[in-house]
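K.L.:
For reference, the structure I am asking about is given below.
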């Protein structure tokens, strides 16, 4: 046996990397729109902003909008359930849902996956999840990085980060400075916990109540707890852009917010102008079973629930009263359940849950 | 004591997050160029591509170029040395050095930091390192995410991912399809190992030779091993863009490559056209002491060294023979040591080290 040290014998599997690249090629390519430029070498992804007849939409004064996010400790649930096909949607949703708040349309996405060991099968499933979400959000997966870091991640652990770039016409940016008393708050249904608050979820379900991911829960309609908790974050891009398209952005849509960590209470004030507050009627929408389940199992105080979780409303649009019905109608037509959940009143940038 | 569970008692420190945001504000703001639009709400970073007299450069047919990367297990060295001010430059360099390969200029950068626990002091030092590198690379740090994930990362462990977007005029993209026999290969000096091959480095120095990070090493000029290994990755943006500017991109600069994992042998072929090969003269440049040190300590075979490490050349430009002297002169004038290290010959996309 040779005394020489090599990269391979130091734990870096170059063949696994080649196999992985081969496996994800189809998923990645399936997301490419006409603006993606394919160049050999692969040092970077290229996306053309050229004004040309080849593209359905051109921009006069393009402003790029960029977001980054991970999915927090939801990756631990995926790991524990050995189910990797849904967290890719969480990753894409966390960034693109942030971006559309400004009225921007997603253009492209890049992902960073890090794990103790590169398992080409697992990476392929994760990346196909990301690619499927990119297709739904209308953006191209033009780059990514996979890092094998056994010293940082424990066996089977992994983490992922996503980066999205979108574009908005400069004079159509939704600045969140125009909401006024009387405007209607429309809530878009979430699919469950989405990708925030999982440290509290884990504390409730596993540290304290010692529940199993695999046990069916009566109050969750007999579904397995793990399955309900892994439900992927909704992608709001398509229905929200449909509303913007039809209601001409800046004038009728006053503000939007993606309801992430901090809940309705923490996120709506980010887009309220001085002198206004949001009054939310808690009985105006259907809460998914998982929220009363978590609240009772904890127990968790009601006010804390609203500070941590989306409580069934994953995205909010503030709309002039004249257009509120129309906005809900467009959302519903586009497959997105939505309710009028409150209104803007005079106040000091707070959220009141009634 | 209350029986109610809270987010804070589940391990998420909201105050630390607020303190962190306050601490990094100055660093982040210091990177903003005139195209960055500051909007309250903070759901996303905004960067204007508008054509206007306000900007030093406008683009006719802009192509966006995007890269993502981490710094691999170099983060473990930073952790072990409790030194967090330099890995930010590694993070920025890994992405922007990839981007300039295509002739693109960096526009903006976003970072993702994940750790077991959010330490505002440590994050502030990391982010100032990232911001300083962004200033040097001429890009704006318009967004970022910090994730506290105690279940994924062990005590004091962390990981980071970076994401860069740049722009290049469509007809000035360096496609790497025009190198021809006779073209000169110019090597730009590296600062050491940069951010690739650290699994092999750790295997050599710590698993096998049981060296200490703190011990001064004679063959490294008496410097501490840890200090030499943490030397940040060079940023090649400024000198490389200076050469492009003066030699009019596409015509005289035939190809470029960022020398990362795979070394000269793995990276140069990525930008060689069919029918050519690169012949490199190994004695044509000065190798930093760390490479003979690692090779001897391993021991590692010479060919493996060239397949894993940059061996002192962190970036390569392929230039027409008429412009080679001029290119080296411009690089030198811009503070970047460079040598003519080989030439393009007829062959089948391989690299021959002589």
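Each reported figure results from applying straightforward, stated rules to the coordinates on display, with no laboratory input. In this text the structure is predicted, and so the values were computed from the model without any measurement. For neighbour counting, all protein chains shown are included, and Cβ atoms are generated from backbone atoms with ideal geometry for every residue, glycine included.
K.L.:
Against the longest principal axis of chain B, how steep is helix B:14-29, in degrees 0 to 90 to the nearest 10, with axes from Cα atoms?
P.N.:
Relative to chain B, helix B:14-29 is tipped by roughly 40 degrees.
K.L.:
Still on this structure, I have one more. Run lengths n ≥ 4 of DSSP H only: what is the helix-derived mean residue ellipticity at 222 nm for chain B, with -39500 (n - 2.57) per run over all residues, to the nearest 500?
P.N.:
Using -39500 (n - 2.57) per qualifying helix, the result is -9000 deg cm²/dmol.
K.L.:
To continue, here is another question. At 7 Å along Cα-to-Cβ for each site, give me the label-to-label distance between residue B:281 and residue A:60 in nm.
P.N.:
5.9
K.L.:
Whole-Å semi-axes of region B:184-353's equivalent ellipsoid, largest first, each the root of 5 times a Cα gyration tensor eigenvalue?
P.N.:
Taking √(5λ) for each Cα gyration eigenvalue gives 30, 18, 12 Å.
K.L.:
Along the Cα→Cβ direction, 7 angstrom out, place labels at residue B:6 and residue A:16. What is the inter-label distance in nm?
P.N.:
4.2
K.L.:
Then there is this: With labels modelled as points extended 7 Å from the Cα through the Cβ direction, what inter-label distance (nm, one decimal) is found for residue B:30 paired with residue A:80?
P.N.:
Going by the 7 Å Cα→Cβ label model, 4.2 nm.
K.L.:
Assuming R0 = 51 Å, what is the FRET efficiency of residue B:325 and residue B:154, from their Cβ-Cβ distance, to the nearest 0.05?
P.N.:
0.45
K.L.:
Which order, highest average first, do B:106-114, A:133-141 follow once you tally other Cβ atoms within 10 Å for each residue and take the mean per peptide?
P.N.:
B:106-114, A:133-141
K.L.:
Moving to a separate point now. Write down the percent of antiparallel bridges among all DSSP beta bridges whose residues are both part of the protein assembly as shown, to the nearest 5.
P.N.:
In the protein assembly as shown, approximately 80 percent of DSSP beta bridges are antiparallel ones.
K.L.:
Is there a simple number for the mean count of other chain Cβ atoms within 10 Å of the Cβ of residues in B:275-287, and what is it?
P.N.:
Across B:275-287, the average partner-chain Cβ count within 10 Å equals 0.
K.L.:
Next question. So what's the gap between the Cα centers of region B:1-68 and region A:332-354, to the nearest angstrom?
P.N.:
Cα centres, region B:1-68 to region A:332-354: 26 Å.
K.L.:
Just counting partner chain Cβ atoms within 10 Å, what average do the residues of peptide B:254-265 show around their Cβ?
P.N.:
Partner-chain Cβ atoms within 10 Å, mean over residues of B:254-265: 1.
K.L.:
Continuing with the same structure: Report, to the nearest 10°, how far helix B:324-333 tilts away from the longest principal axis of the Cα atoms in chain B, using its own Cα long axis and a range of 0 to 90°.
P.N.:
30
K.L.:
Quick one: what does P(r) look like for chain A with 20 Å bins over all Cα pairs, in whole %?
P.N.:
29, 54, 16, 1
K.L.:
Hey, another quick one. To the nearest Å, what is the center-to-center distance of region B:282-302 and region A:104-150, using C-alpha atoms only?
P.N.:
Here the answer is 36 Å between Cα centres.
K.L.:
For region B:18-62, just say rounded, prolate or oblate: build the C-alpha gyration tensor, square-root its eigenvalues into a ≥ b ≥ c, call rounded for a/c under 1.5, and beyond that prolate if a/b exceeds b/c, oblate if not.
P.N.:
Prolate is the answer for region B:18-62, as a/c is 1.5 or above and a/b outweighs b/c.
K.L.:
Region B:45-167: D in µm²/s via Stokes-Einstein (Kirkwood Rh, Cα pairs, 4 °C, 1.567 mPa s)?
P.N.:
Translational diffusion coefficient: 85 µm²/s.
K.L.:
Output the peptides A:219-227, A:269-277, A:84-92, B:196-204 sorted from most to least packed, where packing is the average of other Cβ atoms within 10 Å over each peptide's residues.
P.N.:
Result, highest mean first: A:84-92, B:196-204, A:269-277, A:219-227.
K.L.:
Once you have a ≥ b ≥ c as the square roots of the Cα gyration tensor eigenvalues for the protein assembly as shown, tell me rounded if a/c is under 1.5, and otherwise prolate or oblate according to whether a/b is larger than b/c.
P.N.:
Judged from the Cα gyration tensor, the protein assembly as shown comes out prolate (a/c at least 1.5, a/b above b/c).
K.L.:
Let me ask you something else. Assuming a ≥ b ≥ c are the square roots of the Cα gyration tensor eigenvalues, decide whether region A:108-221 counts as rounded (a/c under 1.5), prolate (otherwise, with a/b larger than b/c) or oblate.
P.N.:
In terms of gyration-tensor shape, oblate.
K.L.:
Another question, if that's okay. Find how much the distance from residue A:206 to residue A:274 grows on full extension, using 0.36 nm per residue of separation minus their present alpha carbon separation; answer in nm with one decimal.
P.N.:
Length gained between residue A:206 and residue A:274: 20.3 nm.
K.L.:
Under the convention of a label 7 Å out along Cα→Cβ, give the distances in nm from residue A:301 to the same position in every other copy, shortest first.
P.N.:
Its label point is 6.7 nm from the equivalent points in the other copies.
K.L.:
I need the inter-copy label distances for residue A:238: point set 7 Å along Cα to C-beta, values in nm with one decimal, smallest first.
P.N.:
From this label point to the equivalent ones elsewhere in the assembly: 4.9 nm.
K.L.:
Helix B:87-99 sits at what angle to the longest principal axis of chain B, using alpha carbons and giving 0 to 90 degrees rounded to 10?
P.N.:
On a 0 to 90 degree scale, this one is about 40.
K.L.:
Averaged over peptide B:12-19, how many Cβ atoms belonging to another chain are found within 10 Å of each residue's Cβ?
P.N.:
What the average comes to for B:12-19 is 2.
K.L.:
Distances from residue B:52 to the same position in the other copies: list them in nm, one decimal, shortest first, using label points 7 Å from Cα along Cα→Cβ.
P.N.:
Nearest first, the other copies' label points are 2.7 nm away.
K.L.:
Please compute one quarter of the surface area of the Cα convex hull for region A:303-344 and express it in square nanometres.
P.N.:
Reported value for the Cα convex hull: 3.4 nm².
K.L.:
Place the peptides A:330-337, A:309-316 in order of packing, highest mean first, counting for every residue the other Cβ atoms within 10 Å and averaging per peptide.
P.N.:
Descending mean neighbour count gives A:309-316, A:330-337.
K.L.:
Gap in Å between the Cα centre of region A:234-265 and the Cα centre of region B:180-203?
P.N.:
47
K.L.:
Work out, step by step, the length gained on full extension between residue B:333 and residue B:303: first 0.36 nm times the residue separation, then minus their alpha carbon distance; give nm to one decimal.
P.N.:
Separation in residues times 0.36 nm, less the Cα-Cα distance, equals 7.5 nm.
K.L.:
Arrange the following residues from fewest to most other Cβ atoms within 10 Å of their Cβ: B:67, A:345.
P.N.:
A:345, B:67
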